[in-house]
Each structure stands twice: as structure tokens, then as C-alpha cells.
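The next block holds one structure in the form of C-alpha cells; read it before the comments.
The values are calculated or read from the model by the stated rules, or taken from the named source; none is laboratory data. What you are looking at is a predicted structure, and each value in this text was computed from that prediction instead of being measured. Here the Cβ positions follow ideal geometry from the backbone for every residue, glycine too, while neighbour counts run over all protein chains shown. Please note that ligands, DNA and RNA were not included when accessible areas were found on the heavy atoms of the full protein model with its side chains. Shrake-Rupley method; radii C 1.70, N 1.55, O 1.52, S 1.80 Å.
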Amino acid sequence: MNGKHNTSAQHKSNLRNVYGTFAIEGMTISKDTRSNLDRIGSGQASYQQVVNELRAKYAKKG
């Protein structure tokens, strides 16, 4: 297996673990949250980018 496949498989495993942990606690994760976690985990966005996007999104609503 190449490195990219391993990273992708690890990324998917990590996401399943996060979703499972929330489910065990009786919590649900929204579609947007899943998308943001996927973006961060896959390297498409940094944690800080997502935080900044959320701040901007909710600042407009307030």
C-alpha cells in the first residue's frame, strides 16, 4: 500500500472513532460538523480555518 492510501484509511478510521464516541455518549453530529471534521482530517482545511469560517458565519447571524 502506498502512503496516501494508508493516510486515507487512517483518516476514515479516525472519523469513525469520533462519530462512535459521540454516539456512545448519546450525542449526534450534524452534517456540517461531519464535513468540517472531514476537511480538517484530510488536510483540506486547518482547524483554525474552520474556526474562522464558523466565527464569520455566526457573526453575520448575530
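Remarks
- Identity of the residue in region 23-62, β-branched (Val, Ile, Thr) and open to solvent by 100 Å² or more (accessible area, probe 1.4 Å), that ends up nearest to the chain's Cα centre (by Cα): Thr28
- Pairs with Cβ under 9 Å, 6+ apart, first in region 40-62 and closer than 17 Å to Ser8 by Cα, second part of a helix (DSSP H, G or I) and hydrophobic (A, V, I, L, M, F, W, C): Ile40/Val50; Gly41/Leu15; Gly41/Val18; Ser46/Ile40
- Inter-residue pairs, beta-carbon under 9 Å, first in contact (Cβ under 8 Å) with a residue 12 or more places away in the chain and in region 11-30, second assigned to a helix (DSSP H, G or I) and of a type in the set (S, T, N, Q), 6+ apart: His11/Ser42
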